[in-house]
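Enquirer: Supplied in structure tokens, the structure appears directly below.
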Amino acid sequence: MTIRVSLDKVLADRDMSLTALSERIGVTIANLSILKTGKARAVRFSTLDALCRALECQPGDILSFDAGSVQTDTGDGTE
């Protein structure tokens with residue numbers, strides 16, 4: 001996928017655990033972990049808003065576009 005997630009870096013920069021973030025924004029640790037590992041296929045704007053508020057950052061601090069990466073998702077559930 002060409003979208004990179006840097007949630008782990010932002011958390012480390014703020015010395016915050018995934019558990020603490022989960023409690024602060026009301027999103028399960030499991031869902032945050034999926035996002036953190038880059039396995040998420042979508043993120044709700046409300047979740048992104050909550051992340052940015054809790055981490056005091058901009059969406060671009062968490063998400064970035066990697067033009068050099070080849071997208072392998074075919075949209076039919078296979079890769």
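Only the coordinates and a few stated rules stand behind these numbers; no lab work does. Keep in mind it's a predicted model, so treat the numbers as computed, not measured. No Cβ is skipped: glycine too gets one built from the backbone with ideal geometry, and neighbour counts run over all protein chains shown.
Enquirer: For a bin width of 10 Å, list the pair-distance distribution of region 3-65 built from all Cα-Cα distances, rounded to whole %.
Expert: 22, 68, 10
Enquirer: Between Thr19, Thr2, Ala42, whose Cα lies farthest towards the positive end of the dipole of the chain when Lys and Arg beta carbons carry +1 and Asp and Glu beta carbons carry -1, centred on the Cα centre?
Expert: Thr19
Enquirer: Normalised by the number of residues in the chain, what is the relative contact order in percent for Cα pairs under 8 Å and 6+ residues apart?
Expert: About 51 percent, as a whole number.
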